[in-house]
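Notes for the one structure printed next.
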Ligand SMILES: Cc1cc2nc3c(=O)[nH]c(=O)nc-3n(C[C@H](O)[C@H](O)[C@H](O)COP(=O)(O)OP(=O)(O)OC[C@H]3O[C@@H](n4cnc5c(N)ncnc54)[C@H](O)[C@@H]3O)c2cc1C
């Protein structure tokens, strides 16, 4: 029998990698984990966490305005970008420390280096100039922003990575993309007082979300003063006398201090030695895996963003836990990618789970749509015109709620709870017999008694 240096070697210290390494080590396995940048990965260092902190920062401006309606007078306010960056940096350093502490407490060996495969059981530790062997390997190297190779002037642009550490808050920004990262950053920068333009080649922002929420959010963002240019794309970016000149296909030349590309993320699989080990990738560079996250090589698993299944932190963590069950607990477990609740931290927020109205119409012949649009209570005194939208999508035959979509304050928090109800297979009747919590916005979810309209074979009737 071959003796390996480790039972498990994990490449990548992000959400999925740290979870795999920590839990395997806690089970008594001999584990090492390699990270080339910072432990915590995208989510902690330059994704979910700093993003949410920025979202909070960007909301104060509206809170100050709203307070007047409730009798407050707020004195002169000002915002210090450098202070925010410093506070954010301190927090992510604290979290990074917690991730490392968790690994160390479980007795995983923490290696600060890039790691690459040499063969199916051998890993090169680039910073140390040596190789080690492992019985099992997990690749959890995540993703990286798409830098738009074809765009003239792309070197002048930033991505979300740099947006977290800009030296100065720009006066103006052009953000390219229509996905959740583009939309969230448009709201963040606008909220911090930056003149913001969003350029998106599609017909409407947030392509995979329910159409009502997409339109509703578009309107709300436009009403705040964010310029959204759909059906458009960049032709080039060049240095101007004062900032950047951004040439678009349909809207002429835009001036901006900063151009941010948020046009999707690519799997971090380049230069990993995958071919040497026999690990197969698809045409986009994503590592191909079976239902159990096993690659084309039996003892090598891949999970999280590098497999390009669903690019979310809880999904990477779930896939890691399934790997642990499969490999170390004699309990083969497939990650469950169905009915994933998720949020867009735009302003207003989106919280969503299950099928959109359009997808439900394709899957079920008779669909009931329950829809409410209303002014939230806080807006009555604050004077804000923002509207909340809530929608339940119901398969009429089984009465099951197959989709729930919310636009408005705390939509993400509500989506988490709705996620449980949809996962449990709750019917509309379960919603109807649930007592409302009053006065809340969420009570609308259990008081929409009659369908607003139906879809018969996908057609609204
Ligand atoms: C701006 C932004 C906002 C986001 N917001 C959210 C959100 O609100 N909610 C949500 O659920 N998800 C969000 N995400 C997505 C989330 O961050 C990812 O889905 C998640 O981090 C994926 O985890 P992972 O373990 O696959 O990879 P990652 O967390 O990316 O970790 C991979 C790690 O591997 C390291 N690495 C790569 N190659 C090597 C190598 N060869 N050797 C050693 N180390 C290597 C990298 O440095 C990185 O630290 C956001 C992402 C971004 C970019």
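Any read-out appearing in this document is the output of simple, stated calculations on the displayed coordinates, not a laboratory observation. Computed from a predicted structure; not experimentally measured. Note: ideal-geometry Cβ built from the backbone for every residue, glycine included; neighbour counts use all protein chains shown.
With the Cα gyration tensor of the range 342-455 giving a ≥ b ≥ c as the square roots of its eigenvalues, does the rule (a/c under 1.5 for rounded; else a/b larger than b/c for prolate; else oblate) give rounded, prolate or oblate? Prolate is the answer for the range 342-455, as a/c is 1.5 or above and a/b outweighs b/c. Packing order of peptides 251-262, 7-18, 57-68, highest average first: 7-18, 251-262, 57-68 (average count of other Cβ atoms within 10 Å over each peptide's residues).
How far, in degrees from 0 to 90, does helix 411-423 lean away from the longest principal axis of the Cα atoms of the chain, to the nearest 10? Helix 411-423 sits roughly 70 degrees off the main axis of the chain. In a fully extended conformation the segment linking residue 127 and residue 420 would gain 101.0 nm over its present Cα-Cα distance, using 0.36 nm per residue.
Peptides 293-300, 371-378, ordered by how many other C-beta atoms sit within 10 Å of their residues on average, highest first, read 293-300, 371-378.
Under the rule a/c < 1.5 gives rounded, and otherwise a/b versus b/c splits prolate from oblate, where does the chain land using the Cα gyration tensor? It comes out oblate by the Cα gyration axes.
Here the Kirkwood formula, the inverse mean of 1/r across different C-alpha pairs, assigns the range 247-317 a hydrodynamic radius of 14.5 Å. Put in line by how crowded their Cβ is, counting other Cβ atoms within 10 Å and starting with the fewest, 230, 157 read 230, 157. Length available on full extension from residue 443 to residue 298: 0.36 nm per residue minus the Cα-Cα distance, which gives 47.2 nm.
Compared with the dominant principal axis of the Cα atoms in the chain, helix 48-67 is inclined by about 20°.
Neighbour counting of Cβ atoms within 10 Å sorts the residues 342, 352, 222, fewest neighbours leading, into 222, 342, 352. Treating r as the C-beta distance of residue 154 and residue 385 and R0 as 41 Å, the FRET efficiency rounds to 0.60. Taking a ≥ b ≥ c as the square roots of the Cα gyration tensor eigenvalues, with a/c under 1.5 meaning rounded and otherwise prolate when a/b beats b/c, else oblate, which class fits the range 154-263? Cα axes put the range 154-263 in the prolate bin. For the chain, the relative contact order works out to 14 percent when only alpha carbon pairs closer than 8 Å and six or more residues apart are counted. Out of the DSSP beta bridges found with both residues in the range 342-455, what percent are antiparallel (nearest 5)? In the range 342-455, DSSP labels about 100 percent of beta bridges as antiparallel. Taking 51 Å as R0, compute the FRET efficiency from the Cβ-Cβ separation of residue 452 and residue 282 and round it to 0.05. After rounding to 0.05, the efficiency reads 0.80. By the count of other C-beta atoms within 10 Å, a proxy for reagent exposure, 79, 54 are ordered fewest to most as 79, 54. Rounded to the nearest 10 degrees, the angle from helix 211-224 to the longest Cα principal axis of the chain is 70 degrees.
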